[in-house]
Amino acid sequence: MSRFESGGTADAIYRFDVLILSPRRNEMLRIFSFVSEEKILDIIRVENLRHVYKSSSGDKVALDGINFSIAEGEFVAIIGNNGSGKSTLAKHFNALLLPTSGKIFIDGFDTSDEKNLWHVRENVGMVFQNPDSEIVAAIVEDDVAFGLENLGIAPEKIRERVDLALDAVNMSDYKNFSPSKLSGGQKQRIAIAGVIAMQTKIIVFDEPTAMLDPQGRREVLSMVKKLHAQGKTIIYITHFMEEAAQAQRVFLMEGGKIIKNDTPREIFSNVREMKRLGFSVPVAAELAERLRKKNFKLPPKILTADELAEALK
Amino acid sequence: MISVKNVSYTYMTGTPFEKTALKNISFDVAEGEVLAVAGHTGSGKSTLIQIVAGLIDLTQGSVTIDNLPVADKKIRRLVGIVFQYPEHQLFEETVESDIAFAPKNFGLSDAEISAQVEEAMRQVGLPAELKSVSPFELSGGQKRRVAIAGILALKPKYLILDEPTAGLDPLAKENLLKEIFGAVKKSGATIILVSHNMEDIARFANRVVVLAQGQILFVGTPRELFSREEILSRAGLEPPPITQLLSKLNLNQNALTLDEAEKIILKNFPRK
């Protein structure tokens, strides 16, 4: 559902949006004070995005007409089977890939305009699946400082931001360690610290827990929730449905399209539909569905074990 | 039968980086069984399977496979090992030649090789027409199937799978496990499954060895393991979601499948 379907002021903003696609859009809107700040801050907006990979064996459409907008401070999970286009989409958020057609705006900046590249990358941090291929330095704190050094920030500022970032991921004690001596979860936290130090508004996580054990997964997910609570906009790609269930909104991708865009409760409580699409759902939802078939009168949309326990009382 | 007796292993002995990875490990793997090895990162799982596969030389204790010491080169034909993210090891130009690589190195005839390649592709559910395609043009799930087929083509009597479904989507994971376990079991092979996914262990393993800090904390059936929460938490593991759900409902019974959980609830809660 579009955020602009509610009519009234929202409609007016939408039309205005179409007119002003300049990099300074948000500032302009604020100056004209057409609407409250909260309403204009669609920090990410994607319009008819298509991405086609060219190869010798023919073209492959990876993204086929994607549309959505994400407000500043939102926590959105993206789920979808391998090959559904999730990772291709992720690479568009910081202009690692550019649209074949369509547009993507980060904080009002069109990613396909080369002049905006700096602004886009300043605003979007990325954390990928394999911590070993993200870590570049021989010492933890050097790794966290890497991005900042490239931005040409003053050394004392770098020192301060690196210390804060390591503190935020509870890894200060390890600042002089070699990353090779850390566990997978710790390495992933170092990669997250590198992104925190960049102070981007948006952080994109592309399956950050896929290679981690249960403890590492818990560490990373609690870090993600903490960053969200601090106001970061989070995009979180995952195959773990329990992780996606903790987001505010879930995009479900299939064949290069977003086929569902709703709250986790709406998405995961539809057990039959999710199974048809080849997804698993939290066990409580599935068990509740089975019990309903056995004539248990249970409220709709049960998602967690606690809710099922309450309903069975 | 694989028999592991009193195995200990220390990395970089005599250096400041000395680290004991395994302490006095003993267990057997019976023929035809699926034995899971569970434990969190750094628990010693990888060291253990590399020792069992003969890739790390033993310094203390013994490992025998069908009564052959693990250092005997003959065991290379008995044991197949699929590492984590095996698709990173694909390198040939076509799916067929990639799967045929190991059988070729073992000196099989062309006819044998092509028969085994076909059978291995069938076992992992790869359609025959993919034979002449480059493995690098396949999807992640298919690449992994090619890599696993490359091991199955050797017809190993013992198959070690290290986190075979890590990073796959739920559907691909489900299909891959079902197909591999189905095919391998039919062939009578024995499987060692390294995993921290308790659901997979519940569904496929006959027994579980739980490792923590290089020591064995538990050996027994998955059902026994899931009723011992203190062991799971010491090992940094979590019971499968179904077990967690039943304990939330104050049902101290053990269910490994949704069917079992449903029956238990039907028995314990009145229909409203």
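The values are calculated or read from the model by the stated rules, or taken from the named source; none is laboratory data. Computed from a prediction, not measured in an experiment: that's the story for all the values here. Every residue, glycine among them, receives a Cβ derived from its backbone with ideal geometry; neighbour counts consider all protein chains shown. Protein only, heavy atoms only, side chains kept; ligands, DNA and RNA dropped before computing areas. Shrake-Rupley method; radii C 1.70, N 1.55, O 1.52, S 1.80 Å.
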Cβ-Cβ distance below 9 Å, separation of 6 or more or different chains: which pairs start in region A:49-65 with a residue that is among the basic types (Lys, Arg) and end on one that is surrounded by 14 or more Cβ atoms within 10 Å (Cβ to Cβ) and not in a strand (DSSP E or B)?
A:Arg50/A:Pro99; A:Arg50/A:Thr100; A:Arg50/A:Gly256
Can you say whether A:Asp206 is out of contact with any Leu (no Cβ under 6 Å at 6 or more places or on another chain), closer than 19 Å to A:Leu89 by Cα and surrounded by fewer than 23 Cβ atoms within 10 Å (Cβ to Cβ), as far as the supplied structure shows?
yes
Would you confirm, using the coordinates I've provided, whether B:Gly188 is farther than 12 Å from B:Glu87 by Cβ, open to solvent by 30 Å² or more (accessible area, probe 1.4 Å) and over 15 Å from the mean Cα position of the chain (by Cα)?
yes
Across region B:191-214, what is the number of residues that are more than 14 Å from the chain's Cα centre (by Cα) and under 22 Å from B:Ala30 (Cβ atoms)?
1
Go through (1) under 26 Å from B:Leu266 (Cβ atoms); (2) more than 14 Å from every other protein chain (Cβ to nearest Cβ); (3) among the polar types (S, T, N, Q) for A:Thr233 and report which single condition fails.
(1)
Does A:Glu286 count as among the acidic types (Asp, Glu), without any contact (Cβ under 8 Å) to a residue 40 or more places away in the chain and crowded, with 20+ Cβ neighbours inside 10 Å?
yes
Applying the selection to region B:127-171, what residues are surrounded by fewer than 23 Cβ atoms within 10 Å (Cβ to Cβ), charged (D, E, K, R), within 15 Å of B:Ala183 (Cβ to Cβ) and in contact (Cβ under 8 Å) with a residue 40 or more places away in the chain?
B:Lys157
Considering only residues that are within 22 Å of B:Ser195 (Cα to Cα) and more than 16 Å from the chain's Cα centre (by Cα), which ones fall in region A:190-216?
A:Met211, A:Leu212, A:Asp213, A:Pro214, A:Gln215, A:Gly216
B:Arg203 within 14 Å of chain A (Cβ to nearest Cβ), assigned to a helix (DSSP H, G or I) and in contact (Cβ under 8 Å) with a residue 12 or more places away in the chain
yes
Single residue of A:Leu96, A:Leu117, A:Leu164 found to be at pLDDT 90 or above and in a loop (DSSP other than H, G, I, E, B)
A:Leu96
A:Gly184: buried (at least 22 other Cβ atoms within 10 Å of the Cβ), closer than 13 Å to A:Glu134 by Cβ and within 14 Å of chain B (Cβ to nearest Cβ), yes or no?
yes
Options A:Ile235, A:Ile267, A:Ile302: the member that is assigned to a strand (DSSP E or B), touching a residue at least 12 places away in the same chain (Cβ under 8 Å), of a type outside the set (Asp, Glu) and buried (at least 22 other Cβ atoms within 10 Å of the Cβ):
A:Ile235
Against the conditions (1) open to solvent by 90 Å² or more (accessible area, probe 1.4 Å); (2) modelled with pLDDT of 95 or more, where does A:Gln199 fall short? Just the number, please.
(2)
